[in-house]
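Novice: Below you will find the structure I want to go over with you.
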Amino acid sequence: MAKEAIKSITIVGGGSSGWMTAMYLQRLYNQSGGRVKIRLVESKDVGTIGVGEATVHSIRFFFAAMGLDENELLRETNATLKSGIMFRNWMKPKDGQTHEYFHPFEQQRPAGPLDNATAWIQSPKRVSYAQATSISSELISNANCPKAATSPQYQGIVPYGYHLDAILMGKYLRKKACAAGVEHIEANVEHVKTNGETITSIITDKGEFTSDIFIDCTGFKGLLIESLRENNWQSFEQELPCNKAVAIQRKPLLGQPPKPYTLATALTNGWAWEIDLSNRQGTGYVYDGNRLTKEEAEAELLEHLGDSQEILRTVHLDMKIGCRKEFWIGNCISIGLSGGFIEPLESTGLHIVNLGARLLATHLSSNAPTQPVRDSYNKTLNGIYQDLRQFIILHYCLSDRDDTEFWKQAAKTAAYAKGLPEKLELWRNKTCEFMDLAGGYGTIFNDENYRFILYGMDHTPDLSQPASGYEIQNILQRLAQQQEQAVKSTMLHSEFLKQVSR
Ligand code: FAD
């Protein structure tokens, strides 16, 4: 007998995750005539987290799939383009030089019998891996963005993400989602009614709401998912102890156009981000709250920023590092911070929201999802968080910094990621490649992402079987030509932003 189709989905929470999910589901189900009622309930009294300003490149596919005009999105959110992340001071200075390395969004392009990475490793000494192999790296050195004057929406000559104002993005998505037909209710959820296995309704100060499916986007508190099961959280705070942040927004730096990349500088007990929007700069210090007080962290961040640029806003935040054991229980799915969070070093928060919503759509595509369907969703999301956890640990465990207890402990964290110590040993003797990572967790980061971190942090293999010098030169020359051509064909980032603002 056919099961009843899902007729209503209620999302609780109006932060980035709530509105992204609402837009996605509305577009999926209701583009030509409503089949599934999508409702979003948010509290006027409880704010959104208000941070989350850098994205990875794949967020473009989300915005494009939602039918949003890219220029309008950029204008409405004071956005800039992001070509990657510059990591500074994650290793000790060498020969009096500050250590830095770049992680772009690009993937390796096919070469001849030798891959780009091995050619770089075997080249007679050498500029950094990113400088030798990445087009984005060359673009940012020239203050260019990845777009040419003629680039279509959401496309550049290399992948790119965004820096955007999180609060404005929430408002923009709300406007678009409501215009598309999402029902928006401003109310406080005061009680979640369950029958022990599923949510039967939510009781708010504006009445009671029933729904076939409930999506928990209530942030770190996980109001809905917690009502169904206690002890449903796995903490990663032992291996990733940065559990607090102080965020400072300030006026843009005078005389300096917005940087087309995120800067992540390692400090004494964590790291600081600098994100340039078109109208201001977002900065913050993600730190270990067991080692620093709020006041100490704020003072260290201000000292690091080192100038007297006018401050617009300062917020202190607690972060819960880890993820659900089960993201989907009964008829409730947690997406966004309610599902999990790992420090934002690789700007993956919104990316995981996007993945969570898309996976939900494929898993909801049969009527009345069964337990194996829920198990599949839970397993995949869990794999994504384990993968992210391993990748973030990589940034810490490769560091040679020993100036504070925080960094001494960071060096020992590889052991927390199953199989990572063995892989690090392997990558001392061979180039890191896709098959080394396959068969592990459901992956968001691939071999090229790993290579930028490994080689950026001096974890380069010792390859004693050299390839032909001709092949090596050939590849490096071809890459250099591609870089040169890319600089010629793209625009200055500042010019692109001017064009968008018109
Ligand atoms: P929130 O923004 O906390 O929204 C929760 C919503 O639930 C609010 O609308 C609130 O009103 C509602 N709510 C709560 N209780 C109730 C109730 N009782 N009744 C009704 N409604 C209720 N991600 C990135 O992609 N890139 C980054 O660079 C990045 N940086 C970050 C930096 C920091 C310091 C932190 C903490 C996070 C960062 N993130 C980043 C993650 C990103 O901010 C989040 O993934 C994203 O904002 C989604 O948050 P959310 O919507 O899940 O939760």
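The values are calculated or read from the model by the stated rules, or taken from the named source; none is laboratory data. Computed from a predicted model, the values in this text were never measured in an experiment. Note that we place each Cβ from the backbone using ideal geometry, even for glycine, and neighbour counts take in every protein chain shown.
Novice: Any residue at all in segment 411-430 that's small (Gly, Ala, Ser), at pLDDT below 95 and surrounded by 17 or more Cβ atoms within 10 Å (Cβ to Cβ)?
Specialist: Checked against the condition, which is being small (Gly, Ala, Ser), at pLDDT below 95 and surrounded by 17 or more Cβ atoms within 10 Å (Cβ to Cβ), segment 411-430 yields at least one hit.
Novice: Also, quick follow-up: Please enumerate the residues belonging to segment 215-240 that are under 15 Å from VAL192 (Cβ atoms) and more than 14 Å from the ligand (Cβ to nearest atom).
Specialist: Residues satisfying the conditions are LEU228, ARG229, GLU230, ASN232.
Novice: Additional query: Mind checking whether some residue in segment 194-214 is within 16 Å of the ligand (Cβ to nearest atom), under 30 Å from THR413 (Cα atoms) and of a type in the set (Phe, Trp, Tyr)?
Specialist: The answer is no; no qualifying residue exists.
Novice: Further question: Test GLU100 against the criterion of being without any contact (Cβ under 8 Å) to a residue 12 or more places away in the chain and more than 11 Å from the ligand (Cβ to nearest atom), and give yes or no.
Specialist: Answer is no for this residue.
Novice: Could you tell me whether any residue of segment 438-447 is assigned to a helix (DSSP H, G or I) and either of a type in the set (Asp, Glu) or surrounded by 13 or more Cβ atoms within 10 Å (Cβ to Cβ) (or both)?
Specialist: Yes: one or more hits.
Novice: Next up: Give me a count of the residues in segment 34-44 that are at pLDDT below 95 and either within 9 Å of the ligand (Cβ to nearest atom) or β-branched (Val, Ile, Thr) (or both).
Specialist: Selection size over segment 34-44: 2.
Novice: Moving on. Please determine whether any residue of segment 73-83 is away from the ligand (no atom under 16 Å from the Cβ) and either of a type in the set (D, E, K, R) or in contact with a Ser or Thr (Cβ under 7 Å, 6 or more places away or on another chain) (or both).
Specialist: yes
Novice: Filter segment 398-432 down to the residues that are among the polar types (S, T, N, Q) and either in a helix (DSSP H, G or I) or touching a residue at least 60 places away in the same chain (Cβ under 8 Å) (or both) and list them by number.
Specialist: Residues satisfying the conditions are SER399, THR404, GLN409, THR413, THR431.
Novice: If you check HIS316, HIS351, HIS395, which single one turns out to be part of a helix (DSSP H, G or I), over 22 Å from ILE59 (Cα atoms) and within 16 Å of the ligand (Cβ to nearest atom)?
Specialist: HIS395
Novice: Here is a further query. Please determine whether any residue of segment 310-328 is surrounded by fewer than 23 Cβ atoms within 10 Å (Cβ to Cβ), outside the structural domain of LYS418 (by TED's automatic domain parsing) and without any contact (Cβ under 8 Å) to a residue 12 or more places away in the chain.
Specialist: So far as segment 310-328 goes, no, none of its residues is surrounded by fewer than 23 Cβ atoms within 10 Å (Cβ to Cβ), outside the structural domain of LYS418 (by TED's automatic domain parsing) and without any contact (Cβ under 8 Å) to a residue 12 or more places away in the chain.
Novice: Let me ask another. For segment 224-254, enumerate the residues that are within 20 Å of ILE384 (Cα to Cα) and in a loop (DSSP other than H, G, I, E, B).
Specialist: ASN232, PHE236, GLU237, GLN238, GLU239, LEU240, PRO241
Novice: TYR24: assigned by TED's automatic domain parsing to the domain that holds VAL182, away from the ligand (no atom under 16 Å from the Cβ) and aromatic (Phe, Trp, Tyr), yes or no?
Specialist: no
Novice: Determine if segment 340-347 includes at least one residue that is closer than 19 Å to LEU228 by Cα and within 16 Å of the ligand (Cβ to nearest atom).
Specialist: Looking through segment 340-347, at least one residue is closer than 19 Å to LEU228 by Cα and within 16 Å of the ligand (Cβ to nearest atom).
Novice: I would also like to ask the following. Given the options GLY13, GLY18, GLY47, GLY52, name the one that is within 24 Å of the chain's Cα centre (by Cα), free of Cβ contacts under 8 Å to residues at least 24 places away in the same chain and within 15 Å of the ligand (Cβ to nearest atom).
Specialist: Of the residues listed, the single one that is within 24 Å of the chain's Cα centre (by Cα), free of Cβ contacts under 8 Å to residues at least 24 places away in the same chain and within 15 Å of the ligand (Cβ to nearest atom) is GLY47.
Novice: Same structure again: Output the residues belonging to segment 236-272 that are touching a strand residue (DSSP E or B) at 6+ places or on another chain (Cβ under 6 Å) and closer than 16 Å to TYR396 by Cβ.
Specialist: Selection gives PHE236, GLU237, PRO241, CYS242, ALA264, THR265, ASN269, GLY270, TRP271, ALA272.
Novice: Right, here's the next one. May I ask you to verify whether ALA177 is within 30 Å of GLN256 (Cβ to Cβ), in contact with a helix residue (DSSP H, G or I) (Cβ under 6 Å, 6 or more places away or on another chain) and surrounded by 14 or more Cβ atoms within 10 Å (Cβ to Cβ)?
Specialist: When the stated conditions are applied, ALA177 does not pass them.
Novice: Which residues, taken from segment 4-33, are assigned to a helix (DSSP H, G or I) and polar (S, T, N, Q)?
Specialist: SER16, SER17, THR21, GLN26, ASN30
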